[in-house]
Structure formats: C-alpha cells, structure tokens
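The values are calculated or read from the model by the stated rules, or taken from the named source; none is laboratory data. Note that the coordinates shown come from a computational prediction; the quantities given were computed from them, not determined experimentally. Using ideal geometry, Cβ is built from the backbone for each residue, glycine included, and neighbour counts are taken over all protein chains shown.
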Amino acid sequence: MATILVVDDERNIRSGLCIAFEDEGYDTLEAADGQEAWNIVNRKSVDLVVTDLRMPVMSGYDLLKKIASSYPTLPVIVLTGHGSIEDAVQAMRDGAVDFFTKPVDLDHLILTVGKALHNRTISEQNTRLKAEIDTLRKRQGYDGIIGKSSAVTRMMEVIQQVAPSKASVLVTGESGTGKELVADAIHSLSNRSKGPFIKVNCASLSPTLLESELFGHEKGAFTGAVGQKKGRFELADGGTIFLDEIGEIDQNTQVKILRVLQERSFERVGGEETLHVDVRIVAATNRDLEEEIRKGSFREDLYYRLNVVHISVPPLRERKEDIPLLIASFVKTFNEEDGRSVEGFTPAARKALLAYSWPGNVRELRNTVESCVVMARGKNIDVDDLPPHIVDSAPGESVSVRIGTRLEDAERMIILSTIDHCKGNKTRAAEILGIGRKTLHRKLDEYGSAK
C-alpha cells in the first residue's frame, strides 16, 4: 500500500490526518517541519506528501520546491490554514498537485490523494515502458519497429539475418501492419545502408506512368516527355528499391521487373541504351500472390524471383502485448511534434485499446493515439477520451436495474457491483462512484455488509 508523509507543525493535525489516511489503508509517516520531511523523503520510500506551508526551520514552500526539483514524480498536496488565491497559484506553479485550506473536507482530500497516487502509478508505468522501448531498440539495432511479442521477435531475427545478403525479399501482411518499416529495416541493417532507399507505390500509378517511373524515359518517348528522366531503378543503384503493392502491376511491367531481377539491366522507355544497376529489391503486398498466379494475373516466375525470402508481418490483433509499448512510443512522438505533455493512458483506457480488434492495424493505432494526444484535456488519457467505436467495442460490465426498482435498491446494486468490479478495493470503488470512502463504509453498514 502507498505511504503518505504528513508534514505539519501542529501535532494534533498531523495525528488526525494520519489516522484518516490509515483508515483508508495507507501507511503514514509524520514530520513537524520541512527539514524533517526532506530528510525522510531522502531516506525512505514515500509515495505522496501532504504539507502545510508555514512551518519553522524549513517552510512548505521550500520543501515543495526541493521535491519538485529532485523528485518530480512525487506528488505533493498543500494543506494550509493561511491560504490565499495567490498562495494557491504559486503552490501549483511550484509543482503541487492540489491546494486545500483548513479545516479540510476529508472526503475531498482522500479522493484527491487517490487520484494523485493513481496518476503517479501511470507515470511510473510509462517511464518503465519508455526504458523498455530504449532497450528493445538497442538490441534490434533499428528504431522503427517496436515490439517484444514472439511474432515480432521472430520477424526481427529474420530481418537481421537477411539484411546483409543480396537476396530479394517479399513482405506480406494486411494494410497498416508496417510493411514499409520492414523494408526500411532491411535496408538500414544492410551494407547498402549508405546507398539510396527508393520507395515506389505501384498501386498509385497507371501502367504507363508506372513503367516510366520505374525505368525512366527518353525525350520524346511519349506525349509530354519533354526531356530525359531517370527511373527509380536507376536512382536506386547501389541501394535498395521498395516496390509497395507489387500485386497491382500489369503483366508488361512484370516482365521488365523480372528482367532486372535476372540480368540487372533494362532500357528507358523510348531508349536503346541498356543500363546496368546493382539494386536490392524488396517488394510488398497485402494480396495472396499465389491466388493471383492461379487467376493468371501475376507471373509465377516473377513471384519466385521476388520470394527468395518471405517475411510475413503479423496483424496487430495477433501481437496485442505490443500495444502498451507502441502507445508509449506514439505518445512521446506526438508530444514532441505537437508541443503536448501527455503522460500516457490510464489502465482503463489501455484495457479498452487491448480489447479492440484494430482492423487498420498499427496505422490505425498510431492515428488514434495522435488524436487522443491532440485532444487530451489532462495529463492522462482516459476511456472518455477514446473514440466511441473503440469504447463501444470493448466488452463491458453492466448492472441491470429494472424500471420500478426503488432508488435505495438500485443504489445498493450499483455500489456492490462496483466493489465486485474493483475486486474488493473500496478506495478504488469510492473513486469510481465519486463518493468518499467513509460514505461508502456507511452505505455498506446500512446494507449489512462487512467492511
């Protein structure tokens, strides 16, 4: 259980607060002034500090500043009998998570303590995830692919093994799984990494334009060819060319790509000069090329030339254990891009993300995280901040209350079901219900339930 340090020069207030916190299940420590509290923070494990402002030896102001500087994740709540609006504003600027004046509403204070500790747990979880991401990237030698699942681990082992070779690679997988990242990883980990990495989306161009784009053209080769143009194969000489959506190309272009694979040569459209290139080909598709071969729309000989090494990128629904790492990485990226300071997702929000099927795969997850970071109203993204279709798809727990049920009976059903949902954690149940823990205990006494 969390440990709360209560700092106040009045013994009765310290004792009273400690008794209230211990009734909620927390461990407590006491200090009579800021200096004593600072010594405790440096020696013992403290999860939250509740401090007065005006004290001898070291004031609460100075204690707050020291904690904010040396232990920025340690939440501090200010509780003072001489508070003003200016004091509250300054305390919040110095790093306090909240500000209360004496006499304090204990239920409100306890709820605030619970939320602060909950937020600190989220922050610590995200710090661990970031450290895990850094470790993974160092081990893999590549920053773009994030994951510790067995499927991603096996895929990275194949990438690392095939990258130094000259073998052509066929990357397959659903849309949005990250096939381009696999191609980029192969190039980055190869001895061609200092050469060009040229990408071509074969589905975005008509057959005529694709042929010109891949092989270039001479001046006057067709209407609009006002000058000579180098093709992507020529530009990729000494490096890697990535042919995305290879299953979309026409038969004529397939023949020319096959020749490049076999002879490492081609002519520009409208040209007679044979050009020789040293290019590594990585192709990708979300189609079943074997089925396309049976239908006669894809050449079998080209398929076998491309498919020297086959890498299948798993869909996100088959590697859900990677979602926490992915969202932590995306939050960091979008914080930097958009000037935000979001800590991360609450456990409830992460649970909803894990329950969703992600038909758009990693691309959809990335777009969802970007939207959440941009639209976030606080430090942490909760279930209410997620897109409705993700929340609605998550298997939820509900309490059925029939029309005509007495209000007291409906309240009883909701409270007991919430405690059951929280696995008996009454502090968490009270937080969800928006009531104080003492109120919850009083209700349970009324129901005849044991504390």
Scan region 193-200 and give yes if some residue there is within 26 Å of ARG366 (Cα to Cα) and out of contact with any Gly (no Cβ under 9 Å at 6 or more places or on another chain), otherwise no.
yes
Only unsatisfied item for LEU210, checking (1) touching a helix residue (DSSP H, G or I) at 6+ places or on another chain (Cβ under 8 Å); (2) crowded, with 20+ Cβ neighbours inside 10 Å; (3) modelled with pLDDT of 95 or more, is (3)
Within region 172-207, track down each residue that is under 16 Å from VAL313 (Cβ atoms), aliphatic (A, V, I, L, M) and surrounded by 20 or more Cβ atoms within 10 Å (Cβ to Cβ).
VAL182, ALA183, ALA185, ILE186
From MET55, MET92, residue being over 32 Å from the mean Cα position of the chain (by Cα) and either surrounded by fewer than 17 Cβ atoms within 10 Å (Cβ to Cβ) or at pLDDT 85 or above (or both):
MET55
Residues to consider are GLY147, GLY114; find the one that is crowded, with 17+ Cβ neighbours inside 10 Å and within 27 Å of THR427 (Cα to Cα).
GLY114
Report yes if TYR356 is over 20 Å from ALA203 (Cα atoms), aromatic (Phe, Trp, Tyr) and out of contact with any Lys or Arg (no Cβ under 7 Å at 6 or more places or on another chain), otherwise no.
yes
Scanning for something more than 28 Å from MET155 (Cα to Cα), at pLDDT below 95 and surrounded by 14 or more Cβ atoms within 10 Å (Cβ to Cβ), does region 329-336 turn up at least one residue?
yes
Could you list, in sequence order, the residues of region 140-177 that are within 19 Å of SER193 (Cα to Cα), assigned to a loop (DSSP other than H, G, I, E, B) and aliphatic (A, V, I, L, M)?
ILE145, ALA163, ALA167
Name the single residue that is surrounded by the fewest Cβ atoms within 10 Å (Cβ to Cβ) among those in region 280-296 being touching a residue at least 12 places away in the same chain (Cβ under 8 Å) and either hydroxyl-bearing (Ser, Thr, Tyr) or in a helix (DSSP H, G or I) (or both).
GLU290
Sort out which residues of region 224-268 are closer than 20 Å to ASN201 by Cβ, among the aliphatic types (A, V, I, L, M) and assigned to a loop (DSSP other than H, G, I, E, B), and write them in order of number.
ALA236, ILE249
Pairing a residue in region 351-364 that is in contact (Cβ under 8 Å) with a residue 40 or more places away in the chain with any residue that is surrounded by 22 or more Cβ atoms within 10 Å (Cβ to Cβ) and assigned to a helix (DSSP H, G or I), where Cβ atoms lie under 6 Å and the two sit 6 or more apart in sequence or on different chains, gives TRP358/LEU316; ASN361/LEU316; VAL362/LEU316
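Residues checked against (1) in contact with a Pro (Cβ under 6 Å, 6 or more places away or on another chain); (2) of a type in the set (A, V, I, L, M); (3) farther than 18 Å from LYS379 by Cβ:
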{"position": "LEU325", "(1), (2), (3)": "no, yes, yes"}
{"position": "ALA348", "(1), (2), (3)": "no, yes, no"}
{"position": "ALA352", "(1), (2), (3)": "no, yes, yes"}
{"position": "ASN361", "(1), (2), (3)": "yes, no, yes"}
{"position": "ASN367", "(1), (2), (3)": "no, no, yes"}
Subset of region 370-385 [in contact (Cβ under 8 Å) with a residue 40 or more places away in the chain and either of a type in the set (D, E, K, R) or over 17 Å from LYS115 (Cα atoms) (or both)]
GLU370, VAL373, VAL374, LYS379
Could you check how many residues of region 402-451 are part of a loop (DSSP other than H, G, I, E, B), surrounded by 12 or more Cβ atoms within 10 Å (Cβ to Cβ) and among the aliphatic types (A, V, I, L, M)?
1
Looking only at region 150-171, and only at residues there that are among the hydroxyl-bearing types (Ser, Thr, Tyr) and over 14 Å from GLU318 (Cα atoms), the one that is surrounded by the most Cβ atoms within 10 Å (Cβ to Cβ)
SER168
Just give me the residues in region 132-156 being without any contact (Cβ under 8 Å) to a residue 60 or more places away in the chain and over 19 Å from ALA283 (Cα atoms), in sequence order.
ASP134, THR135, ARG137, LYS138, ARG139, GLN140, GLY141, TYR142, ASP143, SER150, THR153, ARG154
At pLDDT below 95, within 30 Å of VAL373 (Cα to Cα) and of a type in the set (Phe, Trp, Tyr): does that describe PHE345?
yes
From the list THR240, THR253, THR274, which one is surrounded by 13 or more Cβ atoms within 10 Å (Cβ to Cβ), over 17 Å from GLU180 (Cα atoms) and hydroxyl-bearing (Ser, Thr, Tyr)?
THR253
Sole residue being among the small types (Gly, Ala, Ser), over 17 Å from ASN119 (Cα atoms) and either in a loop (DSSP other than H, G, I, E, B) or more than 34 Å from the chain's Cα centre (by Cα) (or both), chosen from SER15, SER69:
SER15
